[in-house]
Amino acid sequence: MRILFVGDIFGSPGRKIVREHIHHVVESNEVELVVMNAENSAGGFGVTPAIAEELFELGADVLTTGNHVWDKKEIIDYFKSANGNPNSYARRVLRPANYPAGTPGTGIYEGTTSSGVPYAVMNLQGRVFMANNDDPFRIANELLANVKAKVILIDIHAEATSEKMALGYYLDGRVTAVLGTHTHVPTADECVLPNGTAYQTDVGMTGPYDSIIGVEKELVLNRFLTNMPGKFEAAKNDPRFAAVVIDCDPATGKASSIKRLMLAE
């Protein structure tokens, strides 16, 4: 079984490059499960219901997010509209599972592929250099105790490489993949860990690479040089599709390979 995970989709350039590549990537790799991180898909900050549904129409099975999930306030009502319906698009958009109890939305989705393979996708957020949410290690433990599927993918949205690596080794052999997002810079450390978990510290950004992590360079430089606030805007040029393809055994959930993808226009 093959899984495609698409790294942080940034603004309209990210959505455009997804539209350009997603169908041929899925077809040529015989992908059965598609997961995308969409937290920056609306102008670089947040995700709207309309954009979420656009990505589902393109073939996403589940969308993950991260610390920018609340940047578009309409996502709160969208989460509430799911009302527990596992078949609704809204239920398949995740926010980090280790957010405080009572936060709108949910951090895990369990479904079945078109061929009948059960799977689970979990979204977690790191704590090092980020908001002080619940412990992602313990929350992962608690959620995994109730997951029946063998194929389990985790998006760890975190700043520190050490925290992402630690979670990968902590969950090695218990999940199919631990994939990092958030920094927008793809790392070259993709591997299958000793007990069968595919891992990459950061899958990278699907968006404009003629930028500073997706934002127009001049706006970021001005912030660094003057320490003055200013509105950030998504850059436009050199969009690239950053993703990984994972091979796994649907009976055991163990990964056998992970391959990086970086596709230009």
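The C-beta contact set for region 89-101 (first residue within 14 Å of Leu153 (Cα to Cα), second residue in a helix (DSSP H, G or I) and of a type in the set (Val, Ile, Thr), distance under 6 angstrom, 6+ apart or interchain) comprises Ala97/Ile139. Please go through region 55-85 and give me each residue that is of a type in the set (A, V, I, L, M) and either buried (at least 17 other Cβ atoms within 10 Å of the Cβ) or under 28 Å from Val26 (Cα atoms) (or both), ordered by number. Within region 55-85, Leu55, Leu58, Ala60, Val62, Leu63, Val69, Ile75, Ala82 meet the criteria.
For region 86-128, give me the residue count where each residue is on the phi > 0 side of the Ramachandran plot, surrounded by fewer than 22 Cβ atoms within 10 Å (Cβ to Cβ) and modelled with pLDDT of 95 or more. Don't jump to the end; show me each part of the working.
To start, the set of residues in region 86-128 that are on the phi > 0 side of the Ramachandran plot comprises 102, 105, 116.
Keeping just the survivors that are surrounded by fewer than 22 Cβ atoms within 10 Å (Cβ to Cβ) gives 102, 116.
Going one step further and asking which of them are modelled with pLDDT of 95 or more, we end up with 116.
The qualifying residues number 1.
Asn195 meets the stated requirement of being on the phi < 0 side of the Ramachandran plot, surrounded by fewer than 18 Cβ atoms within 10 Å (Cβ to Cβ), in contact with a strand residue (DSSP E or B) (Cβ under 6 Å, 6 or more places away or on another chain) and not in a strand (DSSP E or B).
Here Leu153, Leu167 are screened, and the one residue that is in contact with a strand residue (DSSP E or B) (Cβ under 6 Å, 6 or more places away or on another chain), part of a helix (DSSP H, G or I) and either free of Cβ contacts under 8 Å to residues at least 12 places away in the same chain or crowded, with 16+ Cβ neighbours inside 10 Å (or both) is Leu167.
Residues in region 1-45 that are farther than 19 Å from Val117 by Cα and part of a loop (DSSP other than H, G, I, E, B): 9 in all. Could you tell me which numbered condition Gly253 fails, if it satisfies all but one of (1) in contact with a Lys or Arg (Cβ under 7 Å, 6 or more places away or on another chain); (2) without any contact (Cβ under 8 Å) to a residue 60 or more places away in the chain? Among (1) in contact with a Lys or Arg (Cβ under 7 Å, 6 or more places away or on another chain); (2) without any contact (Cβ under 8 Å) to a residue 60 or more places away in the chain, Gly253 violates only (2).
The values are calculated or read from the model by the stated rules, or taken from the named source; none is laboratory data. Bear in mind the structure is a predicted one, so any value in this text is a computation, not a measurement. Glycine also receives a Cβ, built like all others from the backbone with ideal geometry; neighbour counts cover every protein chain displayed.
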